[in-house]
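The values are calculated or read from the model by the stated rules, or taken from the named source; none is laboratory data. These numbers were taken from a predicted model, which means no experiment stands behind them. Because the Cβ atoms are built from the backbone with ideal geometry, glycine has one as well, and the counts that use them run over all protein chains shown.
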Amino acid sequence: MSQKTCFVTVGATASFTALIRAVLEADFLTALQNNGYTELLVQYGEGGKQLFDTHSKTAINAAKDEGNEIKISGFDLDKAGLGRYMRQAKGANLGAGEGVVISHAGSGTILDALRISVPLIVVPNADLLDNHQVELAEVLAEQDYVVYGKLESLDKALGEAEVWRKKQRQWPPTNSGVHRHANGLKGVMDEEMGFLD
């Protein structure tokens, strides 16, 4: 069985304990298993180690009881950045399946994921003051760049991310604007030469 990774990042500056708890819930782990995932990798941020350790032990034990074989691991911060973890979720390793990134709605993290075209579920952190994350996530989801995730329904967002992956493989991509559909070779030639209606 090939490796398929779900990479979760809460960012470096603000705590997002609710997201850590949500991805370690039994329902979400079952959704991962049902979608062929083999690994859950969580960047839990500074100060999140104790919370992650406590909840991951419970999640691992519950998963074993249900026959779920997802490998769960985590880390606080990586000064080299998150690129390698996102590429792992993209399936860049030999023989790995394409996974997903679940992220807080930080613009830097979103841009990093969009650059490598990995399916991205954006979950705004509602605890932040002057919260721009909700607005950013809504706009990007409307334009079909990301899947808007909610803490209480991450299993549903995971399914939507699988659909998003298939839509992004279409040409032209669904979020690339309005396109004319030329009819046959004549239509293609007319369009290339600038002979538009």
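Tell me which residues, restricted to the range 2-25, are in a loop (DSSP other than H, G, I, E, B) and either crowded, with 24+ Cβ neighbours inside 10 Å or at positive phi (or both).
Hits for the range 2-25 are VAL10, GLY11, PHE16, LEU24.
Is the range 133-150 home to any residue that is of a type outside the set (A, V, I, L, M), at pLDDT below 90 and more than 20 Å from LEU24 (Cβ to Cβ)?
Applying the first criterion (of a type outside the set (A, V, I, L, M)) to the range 133-150 yields 133, 135, 138, 142-145, 148-150.
Going one step further and asking which of them are at pLDDT below 90, we end up with 133, 135.
From the residues that got through so far, the ones that are more than 20 Å from LEU24 (Cβ to Cβ) too are 133, 135.
Yes, the range 133-150 has at least one match.
For the range 32-70, which residues satisfy the criterion of being hydroxyl-bearing (Ser, Thr, Tyr) and under 17 Å from CYS6 (Cβ atoms)?
The answer is TYR37, THR38, TYR44, SER56.
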